[in-house]
Amino acid sequence: MNLGLSGKLALITGSSSGIGLEIAKSLLKEDVRVIICGRTMEKLTELKKELATQFPAELIHLFAGDLSKKEACDALIKAYPRVDILVNNMGIYEVKEFARITDDDWLRFFEVNVMSGIRLTRYYLPLMKEENWGRVVFISSESALNPPGEMLHYAMTKTAQLSLSRGLAETCMGTNVTVNSVLPGPTLSPGVIDYLEEVKAVEGWSDEEVKKNYFDKYRPTSIIRRFIEPQEIGDIVAFVCSREAAVMNGSAIRAEGGLVRNIS
């Protein structure tokens, strides 16, 4: 399917690995120019070399900086004053019981997972409205609807993204600009792989046992009964950004393998 995105410029935060990188690859397949963001230029330069073996190098742009900080967001905006697509993918998570989550933890998670998206959307969304075309996507999580007790600070930020995306979409009424959120389930990104190492340590499971037992104990309502591949989420996000998805606006698009049981 031709998604009608050729020549567009997409900014994907947190895109040097995992889901963000797969979103970038899915958009590159559609001849989209992508801005890949990470913390260090050295890593990004190596990544561009790898990607350039599959995609035209001129489509691949790089930005290095910590986008949880206002200064880095300002520098990114200065470098790329207009984009057609903004994917707010940057995020952190960890396993921590509620009583041990400090004030600093709550603030850090909000700054990284929520404020990075707020700062960039606050700048780019009005320009998209002026152009009468644009796509903003927040990468939320099934944890926004199904908050896990072992990482409530993470779940709180994911729920906040749903509120943001719906409210911002309503400011785009009557335009060709859409704002949506995508809610992946357990996906084999580097962060989730690290999380599973923590689960293995807590439970005393082997590699095989964590794959076999994880969904029985931690996500028993999953219908697909497996971890999602990052590329699967990348392709879904590319579709949400496409002209074919123009009627999807203000939506929370669930891509969690049927884990969330409510049907609304």
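Going by the structure shown, is residue 77 within 17 Å of residue 14 (Cβ to Cβ), open to solvent by 20 Å² or more (accessible area, probe 1.4 Å), touching a Phe, Trp or Tyr at 6+ places or on another chain (Cβ under 9 Å) and touching a residue at least 60 places away in the same chain (Cβ under 8 Å)? Steps first, answer last, please.
On the way: within 17 Å of residue 14 (Cβ to Cβ): yes; open to solvent by 20 Å² or more (accessible area, probe 1.4 Å): yes; touching a Phe, Trp or Tyr at 6+ places or on another chain (Cβ under 9 Å): yes; touching a residue at least 60 places away in the same chain (Cβ under 8 Å): no.
So residue 77 fails the test.
In the stretch 168-191, what residues are at pLDDT below 95 and surrounded by fewer than 19 Cβ atoms within 10 Å (Cβ to Cβ)?
188, 190, 191
Which of the following residues is at pLDDT below 95 and in a helix (DSSP H, G or I): 210, 237?
Just a single option satisfies the conditions, and that option is 210.
Which residues, taken from the stretch 109-129, are open to solvent by 70 Å² or more (accessible area, probe 1.4 Å) and without any contact (Cβ under 8 Å) to a residue 40 or more places away in the chain?
Within the stretch 109-129, just 122 meets the criteria.
Is it the case, given these coordinates, that residue 249 is in a loop (DSSP other than H, G, I, E, B) and closer than 16 Å to residue 146 by Cβ?
Details: in a loop (DSSP other than H, G, I, E, B): yes; closer than 16 Å to residue 146 by Cβ: no.
Spelling it out, it is not the case that residue 249 is in a loop (DSSP other than H, G, I, E, B) and closer than 16 Å to residue 146 by Cβ.
Condition first: in a helix (DSSP H, G or I), out of contact with any helix residue (DSSP H, G or I) (no Cβ under 9 Å at 6 or more places or on another chain), open to solvent by less than 70 Å² (accessible area, probe 1.4 Å) and among the hydroxyl-bearing types (Ser, Thr, Tyr). Can you find one or more residues in the stretch 195-202 that meet it?
Within the stretch 195-202, one or more residues are in a helix (DSSP H, G or I), out of contact with any helix residue (DSSP H, G or I) (no Cβ under 9 Å at 6 or more places or on another chain), open to solvent by less than 70 Å² (accessible area, probe 1.4 Å) and among the hydroxyl-bearing types (Ser, Thr, Tyr).
Can you tell me which residues in the stretch 155-167 are open to solvent by 40 Å² or more (accessible area, probe 1.4 Å) and hydrophobic (A, V, I, L, M, F, W, C)?
156, 164
Can you give me the number of residues within the stretch 250-264 that are modelled with pLDDT of 95 or more, charged (D, E, K, R) and open to solvent by 50 Å² or more (accessible area, probe 1.4 Å)?
1
I need the full set of residues from the stretch 206-249 which are touching a helix residue (DSSP H, G or I) at 6+ places or on another chain (Cβ under 6 Å), open to solvent by less than 50 Å² (accessible area, probe 1.4 Å) and either of a type in the set (Gly, Ala, Ser) or under 15 Å from residue 24 (Cβ atoms) (or both), in order please.
Selection gives 222, 230, 233, 234, 237, 238, 245.
Test of understanding: among 71, 58, which residue is farther than 23 Å from residue 117 by Cα and open to solvent by 40 Å² or more (accessible area, probe 1.4 Å)? Give the steps one after another, and end with the answer.
Working: 71 fails: farther than 23 Å from residue 117 by Cα.
That would be 58, the only listed residue that is farther than 23 Å from residue 117 by Cα and open to solvent by 40 Å² or more (accessible area, probe 1.4 Å).
The values are calculated or read from the model by the stated rules, or taken from the named source; none is laboratory data. Remember, it's a predicted structure, so these values are computed and weren't measured experimentally. Glycine also receives a Cβ, built like all others from the backbone with ideal geometry; neighbour counts cover every protein chain displayed. These accessible areas exclude ligands, DNA and RNA; they are computed on the full protein's heavy atoms, side chains included. Shrake-Rupley method; radii C 1.70, N 1.55, O 1.52, S 1.80 Å.
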